[in-house]
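Inspection log for the structure reproduced underneath, given as structure tokens.
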Amino acid sequence: MAREVATQAEHLANLIRESSCTVALTGAGISVPSGIPDFRTPGKGLWERVDPMEVAHIEAFRRDPARFWSFYRPRLEALSGVEPNPAHAALAELERRGLLEAVITQNIDTLHSQAGSERVIEVHGSIRTARCQYCGGEFALADLGPLFDHAGVAVCSDCRGPVKPDVVLFGELLPGAAMAEAEALANRCELMLCVGSSLEVYPVAGLPSLALGRGARLAIVTKGPTPYDAEAMVRMDGDVVGELEAVLARL
Ligand code: ZN
């Protein structure tokens, strides 16, 4: 087991060394060691008693913002106290050493930036800011508190419009500029390093396919199966922290 990890880590370190453009694609699995549950894992934390499709859907926000916020506000508050873990730090260190071009992430938790990653493309948005749905006014997460009215809905301090976190809800399109940048990177990279994502949620799940089509190599460090396992040159599926640290130690 330990020997298998070492062999795979060595292999991945070599792929990173040989690649002139490596891009990481990350999902919920990289933040699990920080204490953020993957909502697809049944029976965990804040998603336990609700159907995310029902509550975190754009139609739910429009129809009943009070219910949306009663679900979402504690989740935002819980996320704002969370710290990056050594797997985030390993990717930041790769970038510092010039071995990683960018991180494309499905995560909204801002932990890559907090860990020191400079170029982070947040294709599902982030909890960093929220926005008035009428006038477009932007509010920092830290400044949301005073916006909540007696019904528990965040309303714009200028126009009283409903304020929504800048995260992509179910039923919403992904931010166009972020997706375009992610696709450009997928087209250009020589190695795509997928970490902590089941690679099942489209359109992000199409990025490895784009990279493979351009002749890039694929490495996958994530628990559980992905649709790309057969095409990955390295496939690690244990502890994401231990595995990325093992790779870093060989570079
Ligand atoms: Zn407004």
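The values are calculated or read from the model by the stated rules, or taken from the named source; none is laboratory data. Since the structure is predicted, the reported quantities are computational estimates derived from the model, not experimental observations. When we count neighbours, we look across all protein chains shown, and the Cβ atoms used for this are built from the backbone with ideal geometry, even at glycine. Side chains are part of the model used for accessible areas, which takes the heavy atoms of the whole protein and leaves out ligands, DNA and RNA. Shrake-Rupley method; radii C 1.70, N 1.55, O 1.52, S 1.80 Å.
Would you calculate a helix-derived [θ] at 222 nm for the chain, using -39,500 (n - 2.57) for each DSSP H run of n ≥ 4 and dividing by the full residue count, to the nearest 500? Mind dumping the intermediate values first?
Details: 9 runs with 89 residues, N = 251.
It comes out at -10500 deg cm²/dmol, rounded to the nearest 500.
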key: Distance histogram for region 70-131 (every C-alpha pair counted, 5 angstrom bins, percent rounded to whole numbers)   = 4, 19, 26, 23, 14, 9, 4, 1, 0
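When ligands, DNA and RNA are left out and all protein chains stay put, how many square angstrom of accessible area per residue does the chain have with a 1.4 Å probe?
Working: 11620 Å² over 251 residues.
Each residue of the chain exposes 46 Å² on average to a 1.4 Å probe.
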query = Can you work out D for the chain in µm² s⁻¹ from Stokes-Einstein, where Rh is the Kirkwood radius over C-alpha pairs, the temperature is 10 °C and the viscosity is 1.306 mPa s?
reply = 84 µm²/s
request  = Could you work out how far helix 86-96 tilts from the main Cα principal axis of the chain, as a 0 to 90 degree angle to the nearest 10?
outcome  = 70 degrees
note = Taking Lys and Arg as +1 and Asp and Glu as -1, residues besides PHE68 with C-beta under 12 Å from its C-beta add up to +3
request  = Would you pull out the residues with amide H under 5 Å of ARG217's amide H, same chain only if 5 or more places away, H placed 1.01 Å from N?
outcome  = LEU191, MET192
note = GNM on the chain, Cα springs under 10 Å; top mean-square fluctuation among GLY196, GLY215, GLY125 goes to GLY215
request  = At a temperature of 20 °C and a viscosity of 1.002 mPa s, determine how fast region 129-240 diffuses translationally according to Stokes-Einstein, using the Kirkwood radius over alpha-carbon pairs as Rh; express D in µm²/s, rounded to the nearest whole number.
outcome  = 129 µm²/s
remark   = With all protein chains present, the chain has a carbon and sulfur share of its accessible area (1.4 Å probe) in percent of 51 percent
message = In whole Hz and in residue order, list the ³J(HN,Hα) couplings for region 224-239 that follow from phi through the Karplus curve 6.51 cos²θ - 1.76 cosθ + 1.60, θ = phi - 60°; x for Gly and Pro.
response = x, x, 10, x, 9, 4, 5, 9, 7, 7, 10, 9, 10, 9, x, 7
